[in-house]
1. For segment 1-100, rounded, prolate or oblate, judged on the Cα gyration tensor with a ≥ b ≥ c (square roots of eigenvalues), a/c < 1.5 rounded, else prolate if a/b > b/c?
2. Can you pull out the trypsin sites (Lys or Arg not before Pro) in segment 47-110 that DSSP calls coil and that have at most 16 other Cβ atoms within 10 Å?
3. Tell me the relative contact order for the chain as a rounded percent, counting alpha carbon contacts under 8 Å between residues six or more apart.
4. Going by how many other Cβ atoms sit within 10 Å of their own, how do Leu29, Leu60 line up, fewest first?
5. Arranged by the count of other C-beta atoms within 10 angstrom, fewest first, what order do Ser56, Ser160 take?
6. Once the Cα atoms of segment 57-176 are picked out, what are the Rg and Dmax in Å?
7. Once each part is reduced to its C-alpha centroid, what is the distance from segment 1-76 to segment 145-159 in angstrom?
8. If the reach is capped at under 20 angstrom between alpha carbons, list the lysines near Lys156, excluding any in the same chain fewer than eight residues apart.
Amino acid sequence: MGKRTEENLGDAPFKVISDPSDSTILDTLEEAGDDHDLVFVDLEGVAGLMASYAASASDLCIVPMRPSALDGDAAGAALKMIRDAGRAARRTVPARILITQTDAAIVTKSHKELLAELDGAGVERLQTELMRRAPFERVMAEGRTLFELQDSQSVKSAISNTARLGKELAEILEAQ
Ligand SMILES: Nc1ncnc2c1ncn2[C@@H]1O[C@H](COP(=O)(O)OP(=O)(O)OP(=O)(O)O)[C@@H](O)[C@H]1O
Ligand SMILES: [Mg+2]
């Protein structure tokens, strides 16, 4: 958001709300839910009250995971936290793994093994993977949305990747 101000990019097509406090996060989420159709909560980690509160107040939890074994352990901890947050709230909180930073050129062996392991264990995952593409780095570096980046084939691919992911998420939410 700071970069948008510096570069005079105007208002973003979304609002950013920062609330790093355990004692107000549920109020903040409730208010945001009243004012907006979609609320995304980006957490720093899965340990602590903040993450559990956010999970228990969510319609769907997305657990991002790079296709490496190391990330798998963190994702396992996230799924357990979400399950426990649901138990405390006496409901099931839907959760899906999102494979991110997938190599667009080759599918590595560890990637294939990971998918087989997840599917074998019945862990639900989004069928759309987020590819590793330069525009996803540029949005962070420039403070621009994908649609505001200079048009290129790579930007088109990133937009269509994101649109497919959005469609899959919408289908899951609409089916609830
Ligand atoms: N799909 C992608 N393609 C290319 N680069 C990516 C992609 N996803 C993330 N990155 C790069 O990695 C950086 C960190 O990604 P991201 O912010 O999603 O990770 P994080 O684990 O949430 O990190 P943090 O601890 O900073 O919150 C991004 O700023 C971006 O430069
Ligand atoms: Mg982050």
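1. oblate
2. Loop-located and lightly packed - Arg90, Arg91.
3. 18
4. Leu60, Leu29
5. Sorted ascending by nearby Cβ count, the order is Ser160, Ser56.
6. 15.8, 48
7. 24
8. Lys167
Throughout, read-outs are computed from the coordinates displayed, never taken from laboratory work. A quick note: this is a predicted structure, and the numbers were derived from the prediction, not measured. Neighbour counts run over all protein chains shown; Cβ positions are idealised from the backbone, glycine included.
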